[in-house]
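For reference, the structure discussed in these notes is given below.
The values are calculated or read from the model by the stated rules, or taken from the named source; none is laboratory data. Model, not experiment: these values are computed from the prediction. Note that each Cβ is placed from the backbone with ideal geometry, even for glycine, and that neighbours are counted across all protein chains shown.
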Amino acid sequence: MSENKAILSGNEAIARGVWEAGVRLASAYPGTPSTEILENVKNYKDIYSEWAPNEKVALEVGIGSSIAGARTLVTMKHVGINVAADPLFTLSYTGVNGGLLLVSADDPAMHSSQNEQDNRNYGRFAKIPVIEPSDSQECKDFVATALELSEKFDTPVLYRTTTRTSHSKSIVILGKRTEQPGKVELVKDMPKYTMLPVSAKKRHPLVEERIVKLKEYAETTALNRVEYNDTKIGVITNGISYQYVKEALPEASVLKLGLTYPLPENKIKDFAGKVDKLLIIEEGDPFFEDQIKVMGVKVDHGKDLFPLEGELSAAFIEAQVNGVVAEVKDAAPGLPGRPPAFCPGCSHRGIFWILKKLKVFVSGDIGCYTLGALPPISAMHACVCMGASISMGHGMAKVVENSDDMTQKVVSVIGDSTFFHSGMTSLLNAIYNKSSSVAMILDNRTTGMTGGQENPGSGRTLDGEEAIAVDIPALVRAFGIKNVVKIDPYNLVDIEDKLKLALASDEMTVIVVEAPCVLRYRISHPPLKVDPEKCTACKRCLTVSCNALSLEEKGDDSFVVIDPNMCVGCGICAQVCKFDAIGK
Amino acid sequence: METTNILLAGVGGQGVLLASQIFTSVAIEADLDVKQSEVHGMSQRGGSVTSHVRFGDKVFSPTIDPGEADFLIGFERLETLRNVHCLKPGGTIIYNSMRINPSTVAAGVAEYPDDVAAQIAAFGEKTFEVDGLGLGQQAGNPRSSNVVMVGAVSSFLSLPEALWEEKIRQLLPPKLVDLNLKAFHLGREAVKGK
């Protein structure tokens, strides 16, 4: 293997690409499938990189860096763009100084997301160009083009990947870093960067002119490529769908769009005129299909054959276009699922076991603890977006009649990173508006679900340097909340007693659970054992849903066993056992 | 070279991704085009994990469609059975006989089927069961059962043995290299002549 050849994921390739293109600053909030971009950028010491507490802040940090003249990268998952939408839409007006790349990693099929919104729509909505790579080589190469485009047209660029482009690995030919000649310094330009009505009114026409110029650029850029082959079928496609099309329809002619907004109208019409049948194959929304139809181009097939939901595949395209269905045996029926679960020793386990026992309504949030919604625990009853648990819980408590009925009481549950992200303002609202609800902040000192990233509570920055570690109880008290209670998540009696007290109170209580993530910080105690003489196989311990426990049947006898390789000795199962059968 | 499709299926934490990495780096070294795809995120924490490895002269799609896998490499019995429909007619199943209970089974709300091996055998014409855990233990650590499986598959692929060894040396931490080379050869021998 030659030295400049590597097999990289799309995310690794983007990190390499921004390094090669002379980017100076990168900011992000972790979110699948985008997280590994910054985790790789941090290894390039020419780039200053940081985790922001949320996507809006990440983009604003990026805007500052761009105004100062530095090439800049900001990354997030698709729903993160919703959070960052406020600065984004006005950034479209101010434009940039140093090129600014905003990566939106979308998640068709929702492998790890709460929705499958198609963020190409943001490009059109905010009137900024959208670039979509199809493999890791393009993930790297298109970065440089995108940054040039950003500077040439004075616009942020939305760089859209999907789970398959971000997480698939393919071969990349590497290049070298080119430092950018532009000076990084602060130059005051009030009409460009201070968006008062008087200046914004002058910027808006420039945004409209920019789109017209970008349309002209779209006609000639190498980002949009025509591959003529047999002209019976012509396909217009983008991103990962291009790979599926090439595999499924090797004979077809293809117009591969790398710049998917704005569209090259002439190029599309020219291509459409040269093929007998025009297909439009894109995952998600009919984003360019609708625009192409508006151009008056006859589209033979698009979303009539390809769904709005989920991901495409080569086999599916072949079946829909050629009617060729591969011989596939049925999957084995009735197998037990293997959903993700709390890790053995996870501090969330006991909390959710008690919440279920108390029968309260759990207003949830986004993080590892969202797994508390899955069976057999099944103790989370609403989860919408980052930071919403406390505000939703407050809204519920304001309208539901106060009674002793536990099913009508609400407990909001949020993790530390999600609290810093957008839960703080929810809590501020609740206490300001005299809420009587209960909020639990599960502080495990990491951003767990995305793989254990640092955050303002972890005491470290992205590159591992020591940093502040926010004192959550002190912060909550500073909001004016008097009832701030700490609990030990490995003591079920403590959890239950303090939750009951909080639920009986007319005043808001915030319960802070301080317990570092056992996976991230490798916390482990000697494994526990089951005394088979005492075990009655009542299966009560199995309700804590720990993968280290299982029921073993030997002849007529059955008892629970603990896998010593998995158990980290947290002791939750031992507390649940009524026969004192689990111990050291 | 026609594209070879290898689907790896196992449980989060079993080293499926490291195994995939060995396949892809061997293929790239053999000057083939390679793609590999997996999904992170919710698949951690003991959930089902699959990884798609494809190599040949030119590879487009990074994923293997149902009915297209030349090899199904199962790192656990149930996960093997869950993916048997991905196998191409005439394809080969090589799987680790070990059992890991899903959380639903551990919690007593679902049952682990007791005839998994028979069901797998009924699917594939060429099926090889490997005692991955036992051979891993024999190599020095049960966690090396993923490399045992790589070894088993390697004996079906016409790629030089030295290349596999070289990549194992490169990809594993130095203190684990000898153990994993042993695991690789135990796996390779386990299916030979069958």
In this structure, does B:F60 turn out to be among the aromatic types (F, W, Y) and facing another protein chain (nearest Cβ under 9 Å)?
-> yes
Go through A:T425, A:T407, A:T447, A:T418 for me and flag whichever is within 14 Å of another protein chain (Cβ to nearest Cβ) and either more than 22 Å from A:F361 (Cα to Cα) or of a type in the set (S, T, N, Q) (or both).
-> A:T447
Here the residues within the stretch A:204-229 that are under 32 Å from the mean Cα position of the chain (by Cα) and surrounded by 12 or more Cβ atoms within 10 Å (Cβ to Cβ) are A:H204, A:V207, A:R210, A:I211, A:L214, A:K215, A:Y217, A:A218, A:T221, A:L223, A:N224, A:R225
Kindly check whether there is at least one residue in the stretch B:66-73 that is within 12 Å of chain A (Cβ to nearest Cβ), in contact (Cβ under 8 Å) with a residue 40 or more places away in the chain and surrounded by fewer than 24 Cβ atoms within 10 Å (Cβ to Cβ).
-> yes
Of the residues that sit in the stretch A:492-543 and are of a type in the set (S, T, Y) and not in a strand (DSSP E or B), which one is surrounded by the most Cβ atoms within 10 Å (Cβ to Cβ)?
-> A:T543
Residues of the stretch A:549-562 satisfying the condition of being at pLDDT 90 or above, at the interface with chain B (Cβ under 10 Å from one of its Cβ atoms) and under 17 Å from A:C343 (Cα atoms) | A:L549
Out of the stretch A:75-129, which residues are under 18 Å from the mean Cα position of the chain (by Cα), assigned to a loop (DSSP other than H, G, I, E, B) and not hydroxyl-bearing (S, T, Y)?
-> A:D107, A:P108, A:A109, A:M110, A:H111, A:Q114, A:N115, A:E116, A:Q117, A:D118, A:N119
Within the stretch A:347-366, of all residues that are under 23 Å from the mean Cα position of the chain (by Cα) and within 12 Å of another protein chain (Cβ to nearest Cβ), the one nearest to A:S435 (Cα to Cα) is A:I366
Keeping to the stretch A:466-491, report how many residues are in contact with a strand residue (DSSP E or B) (Cβ under 8 Å, 6 or more places away or on another chain) and outside any loop (DSSP other than H, G, I, E, B).
-> 10
From A:P344, A:P340, A:P336, A:P376, residue being touching a Pro at 6+ places or on another chain (Cβ under 6 Å) and not aromatic (F, W, Y) = A:P336
Of all residues in the stretch B:148-163 being of a type in the set (A, V, I, L, M, F, W, C) and closer than 16 Å to B:A30 by Cβ, which is surrounded by the most Cβ atoms within 10 Å (Cβ to Cβ)?
-> B:V150
From the option list A:K293, A:K256, A:K246, single residue qualifying as charged (D, E, K, R), under 19 Å from A:P129 (Cβ atoms) and not assigned by TED's automatic domain parsing to the domain that holds A:L158 is A:K256
Can you tell which of A:S170, A:S166 is touching a Pro at 6+ places or on another chain (Cβ under 9 Å), surrounded by 13 or more Cβ atoms within 10 Å (Cβ to Cβ), within 14 Å of chain B (Cβ to nearest Cβ) and within 25 Å of A:R24 (Cβ to Cβ)?
-> A:S166
Look at the stretch B:87-135 and say how many of its residues are within 26 Å of A:L542 (Cα to Cα), free of Cβ contacts under 8 Å to residues at least 24 places away in the same chain and either facing another protein chain (nearest Cβ under 10 Å) or in contact with a Ser or Thr (Cβ under 7 Å, 6 or more places away or on another chain) (or both).
-> 10
Say we look at the stretch B:24-54 and pick out the residues that are more than 7 Å from chain A (Cβ to nearest Cβ) and over 18 Å from the mean Cα position of the chain (by Cα); which of these is modelled with the highest pLDDT?
-> B:L32
Name the helices (runs of 4 or more DSSP H) wholly inside the stretch A:147-256 in which the number of residues that are at pLDDT 95 or above and over 30 Å from A:P87 (Cβ atoms) is 3 or more.
-> A:239-248
Members of the stretch A:161-195 that are touching a helix residue (DSSP H, G or I) at 6+ places or on another chain (Cβ under 6 Å) and under 22 Å from A:I14 (Cβ atoms) = A:T161, A:T162, A:R164, A:T165, A:S166, A:S170, A:V172, A:G175, A:R177
Any idea which residue in the stretch A:309-325 is farthest from A:I414 (Cα to Cα), counting only those that are assigned to a loop (DSSP other than H, G, I, E, B) and in contact (Cβ under 8 Å) with a residue 24 or more places away in the chain?
-> A:S313
Exactly one of B:E166, B:E189 is closer than 25 Å to B:G56 by Cα and surrounded by fewer than 19 Cβ atoms within 10 Å (Cβ to Cβ), and that residue is B:E166
